[in-house]
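Visitor: Got a structure here, written out as structure tokens. Questions coming.
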Amino acid sequence: MKTRIKFCGLVRPGDVDDAVAIGADAIGFVFYRKSPRALSPEDAAALRRRLPSFVSAVGLFVDAPREEVEATASRVGLDVLQLHGDETPELGAAIAAGCGLPWWKAIRMRAETDLLSSARSFGAAECLVLDAFSDGYGGSGRAFDWSWIPDGLPARIVLSGGLDAGSVAEAIGRVRPFAVDVSSGIQGSDPRTKDRTRMERFVAAVLSADADRP
């Protein structure tokens, strides 16, 4: 089974081009103003036009008004919504319906929680993004305890939080996620840059882990 790869928090055209060439399946654009990787819809739309049809554009929002999400999704041409705040299942479904797009719901892992309950509550979401808890809503570069994820979780899992080329193979072997999501682990000299070598090593580690999966 192929583990999909999402590179998140890209803001530079060259980094987007590198990510596509290296083999990312999805690119994440951050629309949370407090993030150091935040983009305007106009800048994100310019980056979106660089993506081929086989690479998805994911928009990350944190408790944004429904009207703002819909306007941004339309302006940029997003393929997927990633709701990373305290959105309820009902609100998430309503926002996604208004945009006519699939959506992912982030679960911020502070401690062992009842993920089975979350999976049932957010059953309308295409995926659950499991990320380490952070006051800044993601991108902290910290991992959480993967043992908190129960076997047989009835949801597609996008595993995030502290992943890099040195840890992602173990993560795939233990969690067997649908996809992995990385931002800080491929960062360059500052939060708004990505390092091509780190991206290459991350993709190589995922491919190696997939080859070892039964």
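The values are calculated or read from the model by the stated rules, or taken from the named source; none is laboratory data. For clarity, every value in this text was computed on a predicted model and none was experimentally measured. Cβ placement follows ideal geometry from the backbone for every residue including glycine, while neighbour counts extend to all protein chains displayed.
Visitor: Among the residues of segment 74-98, what is the count of those that are of a type in the set (A, V, I, L, M) and touching a strand residue (DSSP E or B) at 6+ places or on another chain (Cβ under 6 Å)? Break it down into steps so the answer makes sense when it comes.
Guide: Kept after step one, since they are of a type in the set (A, V, I, L, M), are these residues of segment 74-98: 76, 78, 80-81, 83, 91, 93-97.
Filter again for touching a strand residue (DSSP E or B) at 6+ places or on another chain (Cβ under 6 Å), leaving 78, 80-81, 83, 96.
Count: 5.
Visitor: Just give me the residues in segment 162-174 being out of contact with any Lys or Arg (no Cβ under 6 Å at 6 or more places or on another chain) and either under 21 Å from LEU83 (Cβ atoms) or among the aliphatic types (A, V, I, L, M) (or both), in sequence order.
Guide: LEU163, VAL168, ALA169, ALA171, ILE172
Visitor: Looking at segment 17-36, which of its residues are more than 11 Å from VAL58 (Cβ to Cβ) and not in a helix (DSSP H, G or I)?
Guide: Hits for segment 17-36 are GLY23, TYR32, ARG33, LYS34, SER35, PRO36.
Visitor: Let me ask something else about it. Can you tell me which residue within segment 196-214, out of those that are over 20 Å from ILE27 (Cα atoms) and of a type outside the set (S, T, N, Q), is surrounded by the fewest Cβ atoms within 10 Å (Cβ to Cβ)? Let's see the steps before the verdict.
Guide: Let us first name the residues in segment 196-214 that are over 20 Å from ILE27 (Cα atoms), namely 208-214.
Narrowing the set further to residues that are of a type outside the set (S, T, N, Q) leaves 209-214.
Working: ALA209: 18, ASP210: 13, ALA211: 7, ASP212: 9, ARG213: 11, PRO214: 4.
Among them, the one singled out is PRO214.
Visitor: Looking at ASP79, ASP63, ASP18 in this structure, which one is surrounded by fewer than 21 Cβ atoms within 10 Å (Cβ to Cβ), modelled with pLDDT of 95 or more, out of contact with any Phe, Trp or Tyr (no Cβ under 6 Å at 6 or more places or on another chain) and closer than 21 Å to GLN187 by Cβ?
Guide: Only one candidate qualifies: ASP18.
Visitor: Additional query: What's the number of the only condition in (1) crowded, with 17+ Cβ neighbours inside 10 Å; (2) touching a Pro at 6+ places or on another chain (Cβ under 7 Å); (3) of a type outside the set (A, V, I, L, M, F, W, C) that PRO36 fails to meet?
Guide: Single failed check for PRO36: (1).
Visitor: Do any residues in segment 67-89 that are in a strand (DSSP E or B) have Cβ atoms under 6 Å from those of residues that are basic (Lys, Arg) and surrounded by 14 or more Cβ atoms within 10 Å (Cβ to Cβ), where the two are at least six apart or on different chains, and which pairs are they?
Guide: Sorted first by the residue in segment 67-89, then by its partner, the pairs are LEU83/LYS105.
Visitor: Another question, then. If I filter segment 160-195 down to residues being of a type in the set (Gly, Ala, Ser) and surrounded by 24 or more Cβ atoms within 10 Å (Cβ to Cβ), which single residue comes out as nearest to ALA125 (Cα to Cα)?
Guide: Result: SER160.
Visitor: Just to be sure, is SER134 surrounded by fewer than 18 Cβ atoms within 10 Å (Cβ to Cβ) and either among the hydroxyl-bearing types (Ser, Thr, Tyr) or under 19 Å from ARG176 (Cα atoms) (or both)?
Guide: Yes, satisfied.
Visitor: What pairs can you find where one residue is in segment 30-44 and over 19 Å from TRP104 (Cβ atoms), the other is buried (at least 19 other Cβ atoms within 10 Å of the Cβ), and their Cβ atoms are less than 7 Å apart, with a gap of 6+ or different chains?
Guide: Listed pairs, sorted by first residue: PRO41/THR72; PRO41/VAL76.
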